[in-house]
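Visitor: First the structure, which I've put down as structure tokens, then a few questions once you've had a look.
The values are calculated or read from the model by the stated rules, or taken from the named source; none is laboratory data. Just so it is clear, the structure is predicted and the values come from calculations on it, not from any experiment. Cβ atoms come from the backbone with ideal geometry, glycine included; neighbour counts cover every protein chain shown. Keep in mind that these areas ignore ligands, DNA and RNA; they rest on the heavy atoms of the full protein, side chains included. Shrake-Rupley method; radii C 1.70, N 1.55, O 1.52, S 1.80 Å.
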Amino acid sequence: MYSEKVMDHFSNPKNVGEIADASGVGEVGNAKCGDIMKIYLKIEDNIIKDVKFKTFGCGAAIATSSIATEMIKGKSVEEALELTNKAVVDALDGLPPAKIHCSVLAEEAVKAAIEDYMKKQGKEVESTEFIGVEPNEEECCSKCERKCH
Amino acid sequence: MDSRKAVYMDHAATTYTKKEVLEEMLPFFTESFGNPSSIHKFGRDARKYVDTARERVAKALGANPEEIYFTAGGTEADNWAVKGAAYANRSKGNHIITTKIEHHALIHACEYLEKEGFQVTYLPVDEYGLVSIEDVKNAITDKTILISIMYANNEIGTIQPISEIGKLAREKGICFHTDAVQAVGSVKIDVKEQNIDMLSLSAHKFYGPKGIGALFVKKGVKLINFVHGGAQERGRRAGTENTPGIIGLGKAIELATDNLEEQSKRIMDLRDKLIKGVMDKIPYTRLNGHPVKRLPGNANFSFQYIEGEALLLNLDMKGIAGSSGSACTSGSLDPSHVLLAIGLPHEIAHGSLRLSLGTVNTEEDIDYVLEVLPEIVEKLRQMSPLYEKIKGGNTNV
Ligand SMILES: Cc1ncc(COP(=O)(O)O)c(C=O)c1O
Ligand code: FES
């Protein structure tokens, strides 16, 4: 059901934990749906120096959190905002249709953490709109607020 | 991947086929391949063994052989019972009573009947998964034509007061069906004593083959045909008999019911050890289902702050096979209707684990699970944003 890449990140997730003095924290999802993702960023000179996550969710939710944190580590804030759920799915060699929403959460969690950082900095909030690929009907979660097309 | 260990604890999903069962089945694929409806020797031989299987099923249930009809499994038996009785009694009424925790085979059949103009009452259950007799009584109207309540639940293992429901249904003259797919071979059943009018069973839950089951239909119960065609099964269920499957079902039910008490006792002791160990070792854990009115092999837990699929994957990596009522495993996005019906909030239902024991399990298996499971739960909790560790707390919820 899951690719080797997914199982790899699931069994040895990277960047699990919290950052005590985080520059920005983002939390998305809800327990009712069965998934919550929380991402902590340490940003210095506009560069993501460190990133940690905590996730309540399925195998795919843990794997997408892990790879997303790897993908933005060392990147600039602008670059991190360009991370899409599709890039996360591709990096994991694909996800089953019912698990695409986990990748949506990963993109949104990163954006939420950056938004928090920018607010704290008193900076103009750049666009943190979701820019990935919306789940289609088959991939949609009926419980979430997100509207699927 | 730890491949040294393989611990199968998903017997409620399916069991392996016992060697003795397979051995009885094999000749019916090759030398004794005859069609039981044929008049020649090949056919007559097959017929003889189909009849023996029917007798074995009847004996296991306390029924007469003429009251046993073979089907292609539990799902067909459930569908036939509910739809067949509903349409056969349409002139008498249109009301059906069932529960919120039935298997999907039954719930979806009832939902279909609702679209066809029938009215269905889905009775609630208490926190242990038990239906109340009072609720059944109060739900009965003069339009009620069928009561269908499962013998034992497949997820949480709760055993319903079947004899009491049977007695009530008989007094009121209402047809009573029970889905006993999980109960047959695990608990003692007597359809006469318990006033059961129809009962579904499925061979692959008691060490028989998959895709074969039976419906017991008490003599005189009105039921329309579900599968139309030839005159097999005394004209009530068409289609050339699945001879090897039927023979396997007969052997399996005989083996399962012959020393039922002894087997059940052994499995129950293992299960109680598992439950006690898990509840002692893992904080923030809930046992789902009834403490004693439960299937001998069933253990079902909810671990707070974690999600079931992640738990199953981790267990699988350690060679332990279980199942979960989490939405994430089913692909349906809703957690199990059974866990919601016993009142679990969504987030706790997501963190459920069912371990169902069977004949293959040993004391060592339980020790192994008790060694591995607490570590996995802790690892996932450490990853969970919901988990706030309360120092030294061992508060079971
Ligand atoms: C309670 C119950 N009813 C019905 C079924 C369906 O039986 P089958 O798999 O033989 O169609 C099952 C098993 O999945 C079950 O556990
Ligand atoms: S957390 Fe449920 S599908 Fe990913």
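Visitor: Please give the helix B:41-61 orientation as an angle from the longest Cα principal axis of chain B, in degrees from 0 to 90, rounded to the nearest 10.
Guide: Around 50 degrees separate the two axes.
Visitor: Could you give me the percent of Cα pairs per 10 Å distance bin for the stretch B:59-121, shortest bin first, beginning at zero and ending with the bin that holds the maximum distance?
Guide: Answer for the stretch B:59-121: a P(r) of 20, 47, 28, 5 percent.
Visitor: So, for chain B, what is the accessible surface per residue at a probe of 1.4 Å, expressed in square angstrom?
Guide: Dividing the accessible area of chain B by its residue count gives 41 Å².
Visitor: Also, I was wondering about something else. Once you keep just the Cα pairs under 8 angstrom separated by 6 or more residues, what percentage relative contact order results for chain A?
Guide: 26 percent
Visitor: Something else now. For chain B, set up a GNM with springs between Cα atoms under 10 Å and report which of B:177, B:290, B:108 has the largest fluctuation.
Guide: Top of the fluctuation ranking is B:108.
Visitor: Stick to the Cα atoms of the stretch B:1-112, pair each with every other, and give me the Kirkwood hydrodynamic radius in Å at one decimal.
Guide: 17.9 Å
Visitor: Considering only B:340, B:186, A:112, whose Cα is most displaced toward the positive end of the charge dipole of the protein assembly as shown, charges sitting on Cβ of Lys, Arg (+1) and Asp, Glu (-1)?
Guide: Farthest towards the positive pole: B:186.
Visitor: Also: Please find, in a Gaussian network model of chain A (springs between Cα atoms separated by less than 10 Å), the residue of A:93, A:116, A:35 whose mean-square fluctuation is greatest.
Guide: Answer for the Gaussian network model of chain A: A:93.
Visitor: Quick one: Kirkwood hydrodynamic radius for the stretch B:44-177, alpha-carbon pairs, angstrom, one decimal?
Guide: It works out to 16.0 Å.
Visitor: So which GluC sites (Glu not before Pro) in the stretch A:62-133 pass both tests, a DSSP loop state and at most 15 other Cβ atoms within 10 Å of the Cβ?
Guide: Hits after loop and neighbour filter: A:82, A:124, A:126, A:129.
Visitor: For residue B:213, list long-range residues whose amide hydrogen, built 1.01 Å from N in the peptide plane, is under 5 Å from its own amide hydrogen.
Guide: Those qualifying (amide H under 5 Å, at least 5 residues apart or on another chain) are B:71, B:72, B:73, B:203.
Visitor: Mind scanning B:83/B:172; B:210/B:318; A:32/B:100; B:83/B:167; A:38/B:273; A:32/A:111 and naming the pairs with a C-alpha gap bigger than 31 Å?
Guide: Distance filter (> 31 Å) returns A:38/B:273.
Visitor: About the Cα centre, and with charges only on the beta carbon of Lys, Arg (+1) and Asp, Glu (-1), how big is the dipole of chain A? Nearest 20 debye, please.
Guide: Computed charge dipole of chain A: roughly 440 debye.
Visitor: Counting only Cα, what are the radius of gyration and maximum Cα-Cα distance Dmax of the protein assembly as shown, in Å?
Guide: So, for the protein assembly as shown, Rg and Dmax equal 26.8, 92 Å respectively.
Visitor: Please build a GNM for chain B, connecting alpha carbons under 10 Å apart, and tell me which residue among B:361, B:138, B:79 fluctuates the most.
Guide: Maximum fluctuation in the GNM of chain B, among the listed residues, is at B:138.
Visitor: What is the dipole size for the stretch B:268-331, taken about its Cα centre, with +1 at each Lys and Arg Cβ and -1 at each Asp and Glu Cβ, in debye to the nearest 20?
Guide: 260 debye
Visitor: Okay, moving on. Using the Cα centre as the reference, give the magnitude of the dipole from point charges on the C-beta atoms of the protein assembly as shown (Lys, Arg: +1; Asp, Glu: -1; all else neutral), rounded to the nearest 20 debye.
Guide: Charge dipole of the protein assembly as shown: 1840 debye, to the nearest 20.
Visitor: Then there is this: In chain B, what percentage of the DSSP-assigned beta bridges are antiparallel, given to the nearest 5?
Guide: Antiparallel bridges: around 55 percent, rounded to the nearest 5.
Visitor: Same structure again: May I ask for the accessible area buried between chains A and B, both sides summed, probe 1.4 Å, to the nearest 100 Å²?
Guide: Chain pair A/B: roughly 2000 Å² of buried accessible area.
Visitor: Can you check what the Kirkwood hydrodynamic radius comes to for the stretch B:205-330, Cα pairs only, in Å to one decimal?
Guide: Result for the stretch B:205-330 stands at 18.6 Å.
Visitor: Along the charge dipole of the protein assembly as shown, pointing to its positive end and built from +1/-1 on Cβ of Lys, Arg, Asp and Glu, which listed residue (B:260, A:58, B:131) has its Cα farthest out?
Guide: Ranked along the dipole, the leading option is B:260.
Visitor: Let me ask something else. From the phi of every residue in the stretch B:159-170, what ³J(HN,Hα) in whole Hz does the Karplus formula 6.51 cos²θ - 1.76 cosθ + 1.60 yield, where θ is phi - 60° and glycine or proline is x?
Guide: After applying 6.51 cos²θ - 1.76 cosθ + 1.60, I find 9, 7, x, 5, 4, 5, 5, x, 5, 4, 4, 5 Hz.
Visitor: Still on this structure: How far is the Cα center of the stretch A:52-118 from the Cα center of the stretch B:198-263, in Å?
Guide: Using only Cα atoms, the two centres lie 51 Å from each other.
Visitor: Considering only A:74, A:101, A:39, whose Cα is most displaced toward the positive end of the charge dipole of the stretch A:20-149, charges sitting on Cβ of Lys, Arg (+1) and Asp, Glu (-1)?
Guide: Ranked along the dipole, the leading option is A:39.
Visitor: Kindly identify chain A as rounded, prolate or oblate by the Cα gyration tensor criterion: order the square roots of the eigenvalues as a ≥ b ≥ c, call it rounded if a/c is under 1.5, otherwise compare a/b with b/c, prolate if a/b is larger, else oblate.
Guide: Prolate shape, in that a/c is at least 1.5 and a/b is the bigger ratio.
Visitor: Take every Cα pair under 8 Å in chain B that's 6+ residues apart, average their separations, divide by the length, and report that relative contact order as a whole percent.
Guide: Computed over chain B, the figure is 22 percent.
Visitor: Here's another thing I want to ask about it. Where both residues lie in the stretch B:15-170, what percent of DSSP beta bridges are antiparallel, nearest 5?
Guide: In the stretch B:15-170, DSSP labels about 10 percent of beta bridges as antiparallel.
Visitor: Can you tell me the orientation of helix B:308-317 relative to chain B, as the angle in degrees between its alpha-carbon axis and the longest Cα principal axis, to the nearest 10?
Guide: 90 degrees
Visitor: Let me ask something else about it. Going by alpha carbons, how many degrees (0 to 90, nearest 10) lie between the helix axis of A:59-72 and the longest principal axis of chain A?
Guide: Here the helix axis deviates by roughly 30 degrees.
Visitor: Let me ask something additional. How large is the translational diffusion coefficient of chain B in µm² per second when you combine the Kirkwood radius over alpha carbon pairs with Stokes-Einstein at 20 °C and 1.002 mPa s?
Guide: Once the numbers are plugged in, D ends up at 97 µm²/s.
Visitor: With the cut-off at 20 Å, tell me which of the pairs A:54/B:5; B:59/B:205; A:14/B:281; A:14/A:52 have Cα atoms farther apart than that.
Guide: From A:54/B:5; B:59/B:205; A:14/B:281; A:14/A:52, over 20 Å: A:54/B:5; A:14/B:281.
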